[in-house]
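As structure tokens, the structure follows; a few thoughts come after it.
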Amino acid sequence: MDEAIDWFRQMCLQKNVTIGQFHIDTNGDSEKLTEKLDEVLKKSEIPLKIESIHCVGTESSDSMWKIMEYCDKRLLKEMKMDQFYEDEIKLSEWKF
């Protein structure tokens, strides 16, 4: 996870970078991911430039909201969350 957070910090927190779609899928400790993202994003002077956030699984939703908190709201157009249940998939979608 540390390598992914380091890559995120180096690649995504730059003035000239706009992310079209940002996908979040936590296979491990989602609370730890959210805490690490918060640590990195608090230190950044540059807001994230993301147009769409796509979250897979309800465990990832805290990370999605944390990323949204630090996004440039003028660019963010949609957020999606896929929830998996035993025999069904539910898609929640927010468009701005």
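Read-outs: derived from the displayed coordinates by stated rules, not from any lab. None of these values were measured; they are calculated from a predicted model. Every residue, glycine among them, receives a Cβ derived from its backbone with ideal geometry; neighbour counts consider all protein chains shown.
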How many angstrom separate the Cα center of segment 4-41 from the Cα center of segment 47-84?
11
Using the Cα atoms of segment 1-49 to build a convex hull, what is its mean projected area in square nanometres?
3.4
Based on other C-beta atoms within 10 Å, arrange Thr58, Thr34, Thr18 from fewest to most.
Thr18, Thr58, Thr34
Cleavage-rule hits (GluC sites (Glu not before Pro)) in segment 1-64: DSSP loop, at most 16 neighbouring Cβ within 10 angstrom:
Glu45
Additional length obtainable on full extension of the chain from Glu35 to Trp7, 0.36 nm per residue less Cα span
8.5 nm
For a 19 Å ceiling on Cα separation, which of these pairs sit above it: Lys49/Lys73; Lys15/Lys80; Lys15/Lys42; Lys43/Lys77?
Lys15/Lys80; Lys43/Lys77
